[in-house]
1. Collect the residues in the stretch B:20-60 that are assigned to a loop (DSSP other than H, G, I, E, B) and under 11 Å from the mean Cα position of the chain (by Cα), keeping them in residue-number order.
2. From A:Glu711, A:Glu731, grab the single residue that is assigned to a loop (DSSP other than H, G, I, E, B) and either at pLDDT 95 or above or buried (at least 24 other Cβ atoms within 10 Å of the Cβ) (or both).
3. Say whether the condition of being more than 14 Å from every other protein chain (Cβ to nearest Cβ) and more than 30 Å from A:Pro517 (Cβ to Cβ) is met by at least one residue in the stretch A:818-827.
4. Looking only at residues in the stretch A:877-897 that are assigned to a strand (DSSP E or B) and within 14 Å of another protein chain (Cβ to nearest Cβ), which one is nearest to the chain's Cα centre (by Cα)?
5. I need the full set of residues from the stretch A:558-590 which are on the phi > 0 side of the Ramachandran plot and among the charged types (D, E, K, R), in order please.
6. Restricting attention to the stretch A:747-762, report how many residues are in contact (Cβ under 8 Å) with a residue 60 or more places away in the chain and in a loop (DSSP other than H, G, I, E, B).
7. State all residues of the stretch A:840-851 that are surrounded by fewer than 23 Cβ atoms within 10 Å (Cβ to Cβ), acidic (Asp, Glu) and assigned to a loop (DSSP other than H, G, I, E, B); if no residue qualifies, say none.
Amino acid sequence: MSLIHEIDFGTPASQSEKLITLTIDGNEVTVPEGTSLMRAAMEAGIQVPKLCATDMVDAFGSCRLCLIEIEGRNGTPASCTTPAMEGLVVHTQTQRLKDIRKGVMELYISDHPLDCLTCAANGDCELQDMAGAVGLRDVRYGYEGDNHVFAKSKTDDISNDRWMPKDESNPYFTYDPAKCIVCSRCVRACEEVQGTFALTIEGRGFSSRVSPGMHENFIDSECVSCGACVQACPTATLTEKSVIQIGQPEHSKVTTCAYCGVGCSFKAEMRGEELVRMVPYKDGKANRGHSCVKGRFAYGYSTHKDRILNPMIREKISDPWREVTWDEAYKHVASEFRRIQYQYGRNSIGGITSSRCTNEETYLVQKLVRAGFGNNNVDTCARVCHSPTGYGLNKTFGTSAGTQDFDSVEHTDVVIVIGANPTDGHPVFASRLKKRLRKGAKLIVIDPRRIDLVRSPHVAAAHHLPLRPGTNVAVLTSLSHVIVTEGLFNEKFIRERCGWDEFQDWAAFVSAPEHSPEAIEQLTGVPPQALREAARLFATGGNGAIYYGLGVTEHSQGSTTVMAIANLAMATGNIGRKGVGVNPLRGQNNVQGSCDMGSFPHELPGYRHVSGEATRDIFDKLWGVKLQDEPGLRIPNMLDAAVDGTFKGIYIQGEDILQSDPDTKHVAAGLAAMECVVVHDLFLNETANYAHVFLPGSTFLEKDGTFTNAERRINRVRKVMSPLNGFADWEVTQHLAQAMGMNWNYTHPSQIMDEVALTTPSFAGVSYELLEKEGSVQWPCNEKAPLGTPIMHIDSFARGKGKFVRTEYVATDERTGPRFPLLLTTGRILSQYNVGAQTRRTDNVIWHEEDRLEIHTHDAEQRGIHDGDWVKISSRSGETTLRALLTDRVSPGVVYTTFHHPTTQANVITTDFTDWATNCPEYKVTAVQVGASNGPSKWQIEYDEQARKSRRIVQTLDAAE
Amino acid sequence: MDNDNHKTTADKLVYMANQIATFFHTQPKDEAVEGVSNHINLFWESRMRTQLFIILEKEDNGLDPLVIEAAAHIRKPGSVPA
């Protein structure tokens, strides 16, 4: 094991296909046209000294260190800004160049502290490296003159106005201006890579300084703490606090982030088993070397003191927990589950797989349920997020997945973002999207709330359609109405690729006058002219891509909306090539994977219905069982059945249904009615309040496996430390299965993936060996596509012909009225993730200590609510309290909150309405009333008390903490 | 609060079935009946279908006529081995 060093080529790669050949230091080198001389030299293995250049940002040419000489040309041009040309003869090391470089370095070092031995960057400092590279031995100018290094003048003890103190305001990194060489790499990383423009250079000449915002602290500036500047910094100026505390790492492994569905690749840089830092991996095909605050910094939860490390059981949920041995826990669960099945029937138990766990772990949980429990009662958290994507895209295209890779966005001309807030939910994708928008692509945002993308530095949406929550179908159908009635559809594509009769039926349907933008304005609140212009732009603006999130799926018409999106893409011919497509932005790291692995009660791995005899036969033979041909219960159905008394036991791996699922009281009632609830998690989450058995889980740093991201990319997760709890989650599931009599003997997750490949045609070519070689692959990966499939449906749809489906708008039954006049919708914030179990246990809380209710100033004024006031929010389901945030980002009549904190209890107010096809809950629309309040509601107080009681642990074993 | 919070499973099943019917009402006529029965066969667990048949026997069951029409094509759950 050693530290993975990625080559810094100095400038970004050229995309040109034309190759040119030149000579550098006597070596012939062939590179794409447009490559810089610096990069060409590096391709030939020659590292030209440099400070202000790095290949994550464009060349800048300010440090004057990378100078070279070209035969037949005057002067000493900078190699970073000089393009390579056919036949050039370049010298990177001459006496003249040596003298200039030494002189430049002398100046740099004359204004830099000489505390290398005690500096955090010691061993990882490009300034130090360059001093060595140019052979700097002496600084003739001395260190006493004008400088930024010392707080006080050494000679007369007068304070130095140029000196600035260290900014330690960000919880994860420090900014030490005394060490800054003003190369502006950080400023450019913030602009070009992250797209936030939080940093700038203030002052001129010797007074130039890096400044967050308007000479602010990092924490007070617009900085989103993505870490790009820290990564770009060649000195110790911007340094991770963890590196300052621990020291430089000595080995690293490439792994995959366990937060959102973008699935960024990181190098986990280690010292022994201690994680020093996470650095985004340049070869990561989802993130291309970028990161966000969560993946880069928010991993502290993995060693948080709240982690439960010993298995625990209790008879009643009102009892305190009792620590037991693993063996005792397994035996207890096995005997309880068997007892329940004997008493209440085979179908009285089930399991929930986790979209945070690996594919291999998910596969094992569904296998345990199907083969071990002998039923199909297995579901996953995708039920509450992207199950409509599965249904809708399967109906129309024939496969339940996004059609593109993330690189595709670089070729997009018009983007529709609907029901998603990428800058907060999928930040690294948002940065890639913003990069494309800054280069001229057009953006249409369809969202009730003015999300950041609508207007942020150097990005502005061409159209923002601020629709009323719950009217997605009306708006999308109306976009199609405009496209069809104005003759803007792509007839050639449709005739070749789609069912023509179905298209004609659909075209007649959308053309009806009641679907015109003017007719639907009353329902949706969207100005007809804007809608028409948006439709025309999407149909005629070049490559059109649609990106969507849970604002699409989490509605009673979620599945219909997904189909409306698919219709729109097909009608405009935007499927089957780079730059187009339908792109669901998946919420959790492995939502895609958990669905692929057969986590749904009606589907075996690879989206094959349980009623298919041929498919069942494959598993029957391999597993030596007879699988049920009946679909099992979905999560909400399990809870209903529990309340009815026919569902009594559940194994929940890595999901907190009590906090994340709607209508909390119903979830609580369902859990309370069960006789054996087994929670397998890192922490005593909210669901664990109702559990009888707790099995400690492991983090993504503690196990091997794979995650599959939103682009169907299968990425490796690599173990960098031993599980604190002793076992990876797949081992726990295996031990449980063994206790139930299953003959499982996996010794490594790669064997589980081999079984997936053996049984599932779309994974047939996947193996750890291939992933080792390729880094990652996108399924389908089989004989037809040995290296995977970046873009789907290229020549034909998975189902053959694309199917147009009529999408009639049906109003949700969740309606506003005199008692509940406002519509509540929910979302995420950048620094927090989902139910917050992980991010709340990191320093990310500095950005978001509590969930706030965003309310329009007009609605607030009517109710006498001021910014920061406690307000009560009530719906037909329940009520809760939180503090108000006055804003104009939401329209009057709409309120918005996040759901990251359990005390907020946002799901006490959400209703039990669900998507008609998949039972995906309607989180995004709840009719509510808001009023002033004194503090927490009765339910919140009772809940807190119950939660506190249910977390008591009687210590019987030595605590491992 | 309203009664919505105390819906029985039967209430919910009627609601869900009617939601499915509402979608297929908007589809071409010849696909509607098959659409509803297919959907329920594919996604409803046997005890949900069993309950649906019990509901179907009641007069005034609140079910959409399309669900009632589709019932003939909905698979009757067999005896599930215990």
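1. B:Trp44
2. A:Glu711
3. no
4. It comes out as A:Thr880.
5. Answer for the stretch A:558-590, where residues must be on the phi > 0 side of the Ramachandran plot and among the charged types (D, E, K, R): there is none.
6. Matching residues across the stretch A:747-762 total 1.
7. Residues satisfying the conditions are A:Glu849, A:Glu850.
Residues checked against (1) acidic (Asp, Glu); (2) surrounded by fewer than 21 Cβ atoms within 10 Å (Cβ to Cβ); (3) within 23 Å of the chain's Cα centre (by Cα):
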position	(1), (2), (3)
A:Asp327	yes, yes, no
A:His332	no, yes, no
A:Thr353	no, no, yes
A:Glu361	yes, no, yes
A:Tyr391	no, no, yes
A:Thr403	no, no, yes
A:Ser408	no, no, yes
A:Leu433	no, no, yes
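The values are calculated or read from the model by the stated rules, or taken from the named source; none is laboratory data. Only a predicted model underlies this, so the values are computations on that prediction, with no experimental measurement involved. We place every Cβ from the backbone using ideal geometry, glycine too, and count neighbours over all the protein chains shown.
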